[in-house]
Structure formats: structure tokens, C-alpha cells
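Working notes for the structure below.
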Amino acid sequence: ETRRSREARYLKRKGRKIALLAFGSLVATALTVAEKLDATVVNMRFVKPLDTEILTELANTTTLLVTLEENVIYGGAGSAISEYYHQQGLICNLLSLGLPNTFIEHGEPIELLSQMGLDTDGILMAIKRRLAQSSRF
């Protein structure tokens, strides 16, 4: 398998303020959110190995990086990205959105994602909250 086939892919590159790093099923939701925020969307495609080239580029060019995953945050893709930035000494505003580290009842995926704040409205609210917090410093 070639390096090229493992790279993340820009799906939408409009804004420079916010970048949404989406994994798996949340790519489509990320595109919807990006339309409302004029944000960049990257389909990360793989958690391992991470595309460190694109991560470094985004850390140096955006105000807020948001990871979106349908997985537990702790030990997931967002954690791996945070660890990479820490190891490289890169400082960026990173918001990791995913599932809590608790038992989640069975149900319809759309309803469960909404309850976990991983639908369009929940993601928008979390990003706006982070941007408001960031502007206070």
C-alpha cells in the first residue's frame, strides 16, 4: 500500500479559522457544519497512522481544530492528535468531540448521536462555546 492511499483528504477548504477533522461516519455531518461556519473539512480516513503532514499544516494555519469521531474520546482519534501535537511542541486550540466514556443505551444511531451532541446542532453549539471561551483570553 502506498503512502498516498493512507493520506487524509481535504473535502472543503474555504475558511482558515476553523478546521473540522472528521473520522468515519461523521464526515457527512462535518460537511453540513462547515457550510454554516465557513470551515475547512478534512476526511482523516485513518487513525493509524495519522497524516502528520496535514496535522502540522492545520496547527499552523487555523484558529480552532475540531476532531469529530463516533468513538470514545479518551484513547480515540482526538487523543492521538492531541498526543501528536504535544510531542511535536505544537500549540493549537483543539476541541475533541466524540462519545463519553460511559455506557450508552441501544437505540437509533441518529437519536443517539443527537443525545451525545454529535449531530449538526450539537457540534455547532460546542464549537461556538469553545470560540466564546477562547475569545476571553
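Things worth noting here:
- Normalised contact order of the chain, rounded percent, pairs of Cα under 8 Å and 6 or more residues apart: 23
- Global geometry of the range 70-131, whether rounded, prolate or oblate, following the gyration tensor of its Cα atoms and the 1.5 cut on a/c: oblate
- Prolate/oblate/rounded call for the chain, Cα gyration tensor, a/c under 1.5 rounded: rounded
- Where Lys48, Lys36 fall by accessible area, highest first, once all protein chains stay in place (1.4 Å): Lys48, Lys36
- Placed amide H near Val72: partners under 5 Å, 5+ positions off or other chain: Leu99
- Solvent-accessible surface of the chain, taken per residue with a 1.4 Å probe and all protein chains present: 58 Å².
- Ranked from largest to smallest solvent-accessible area, with a 1.4 Å probe on the protein heavy atoms, Glu108, Glu7 come out as Glu108, Glu7.
- Computed from phi, the 3J(HN,Hα) profile of the range 108-113 under the Karplus parametrisation 6.51, -1.76, 1.60 (θ = phi - 60°) reads 5, x, 4, 5, 5, 4 Hz, with x in place of Gly and Pro.
- Each Lys and Arg Cβ is given +1 and each Asp and Glu Cβ -1; about its Cα centre, the range 1-119 then shows a dipole of about 600 debye.
- Taking amide H as placed 1.01 Å from N in the peptide plane, the amide H of Gly15 sits under 5 Å from that of Ala39, Thr40, each at least 5 places away or on another chain.
- For the chain, with all protein chains in place and a probe radius of 1.4 Å, 51% of the accessible heavy-atom surface sits on carbon or sulfur.
- Added length on full extension, which subtracts the Cα-Cα distance from 0.36 nm per residue, Leu11 to Arg129: 40.0 nm
- Heavy-atom accessible surface of Leu11, to the nearest 10 Å², is about 80 Å², with a 1.4 Å probe and all protein chains retained.
- Using alpha carbons only: equivalent-ellipsoid semi-axes of the range 31-99, gyration tensor based, whole Å: 18, 16, 11
- The chain, helix-only ellipticity at 222 nm - DSSP H runs n ≥ 4, -39,500 (n - 2.57), divided by all residues, nearest 500: -12000 deg cm²/dmol
The values are calculated or read from the model by the stated rules, or taken from the named source; none is laboratory data. Not measured: the values here are computed from a predicted model. We place every Cβ from the backbone using ideal geometry, glycine too, and count neighbours over all the protein chains shown. These area figures cover heavy atoms from the full protein model, side chains too; ligands, DNA and RNA do not enter into them. Shrake-Rupley method; radii C 1.70, N 1.55, O 1.52, S 1.80 Å.
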